[in-house]
Amino acid sequence: MTTKPSVLFVCVHNAGRSQMAAGWLTHLAGDRVEVRSAGSAPADQINPTAVAAMAEVGIDITGQTPKILTVDAVEASDVVITMGCGDACPIFPGKRYEDWKLDDPAGQGIDAVRPIRDEIRSRIEQLLGELLPLPS
């Protein structure tokens, strides 16, 4: 990994899970980690319920837009985390891949999206502990 690790979050629409994960990582890591997100079939806009769920915890993701997954984005990332995008993500040697099994917030109400948001936060905290170990 480079001195500044880079993480790419990928889901199908890049409208819910991957956007919430990118929001959490940006919020918790600041500029210590390079954050990207993309989708294999991006939606027209971010899921408004995901936006509302993140706003409840003080994280604004309204400025983000769904982006198409590119080979360049994968090549430029140290860690690629997929969230239900199937086989759409290209595999490159030397990259760390994880598949996070998370419910899809699409079409869900806020009560269903909150637990997804909170699970993403705990996974991000664990990932951060691995990417940015505390100095001894």
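Please treat every number below as a calculation from the coordinates, not as lab data. Quick caveat: nothing in here was measured; it's all calculated off a predicted structure. We place every Cβ from the backbone using ideal geometry, glycine too, and count neighbours over all the protein chains shown.
Data table
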{"quantity": "Yes/no for R114 being under 29 Å from T3 (Cα atoms), basic (K, R) and touching a residue at least 12 places away in the same chain (Cβ under 8 Å)", "calculated": "no"}
{"quantity": "Qualifying positions in region 1-20 - crowded, with 24+ Cβ neighbours inside 10 Å and closer than 22 Å to A112 by Cα", "calculated": "F9, V10, C11, N14, A15, G16, R17, S18, Q19, M20"}
